[in-house]
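Below is one structure, written out as structure tokens; the observations come after it.
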């Protein structure tokens, strides 16, 4: 049984907060958070990320970025990263996490940082598709009911 899921991207400003917001909406009973490998502490999410998520009924405006640290790794049972490069980087830093780090979408989710609103819409669609695809496995691991995001 899993107690918590950590989403991980580079800056914790776009992809991981979007994924965190979506999964929180679907599985509020889980401990869900996000972080970044190179995140600065306390930065707000990218405005386009906030706007796209708001359009889908998810408020991430209060999110503040935070860098990955060792205490997070003991708190969360599963780490979902945005691409294979991040997975390899995490496992090179923390080899004991092998088996707990997974890529959210098989072909990765490109970083929309400082790009157009349309790029963020596409990013949202890819994240929502991936979150929905993960839900049966997460539901089984958590023993919880979840509903699809749209």
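Does the range 70-82 contain at least one residue that is buried (at least 22 other Cβ atoms within 10 Å of the Cβ) and either within 18 Å of residue 119 (Cβ to Cβ) or without any contact (Cβ under 8 Å) to a residue 24 or more places away in the chain (or both)? Looking through the range 70-82, at least one residue is buried (at least 22 other Cβ atoms within 10 Å of the Cβ) and either within 18 Å of residue 119 (Cβ to Cβ) or without any contact (Cβ under 8 Å) to a residue 24 or more places away in the chain (or both). When 22, 8 are checked against the criterion of being at pLDDT 95 or above, outside any helix (DSSP H, G or I) and closer than 25 Å to residue 143 by Cβ, a single residue qualifies: 8.
Taking the condition of being in contact with a strand residue (DSSP E or B) (Cβ under 8 Å, 6 or more places away or on another chain), at pLDDT 95 or above and either in a loop (DSSP other than H, G, I, E, B) or on the phi > 0 side of the Ramachandran plot (or both), how many residues in the range 25-68 meet it? Residues in the range 25-68 being in contact with a strand residue (DSSP E or B) (Cβ under 8 Å, 6 or more places away or on another chain), at pLDDT 95 or above and either in a loop (DSSP other than H, G, I, E, B) or on the phi > 0 side of the Ramachandran plot (or both): 9 in total. Go through the range 87-129 and give me each residue that's loosely packed, with under 15 Cβ neighbours inside 10 Å, assigned to a helix (DSSP H, G or I) and out of contact with any helix residue (DSSP H, G or I) (no Cβ under 7 Å at 6 or more places or on another chain). Within the range 87-129, 88, 92, 93, 95, 96, 118, 125, 129 qualify.
The values are calculated or read from the model by the stated rules, or taken from the named source; none is laboratory data. This one's a predicted model, so the numbers in the text were calculated from it and none came from an experiment. Note that we place each Cβ from the backbone using ideal geometry, even for glycine, and neighbour counts take in every protein chain shown.
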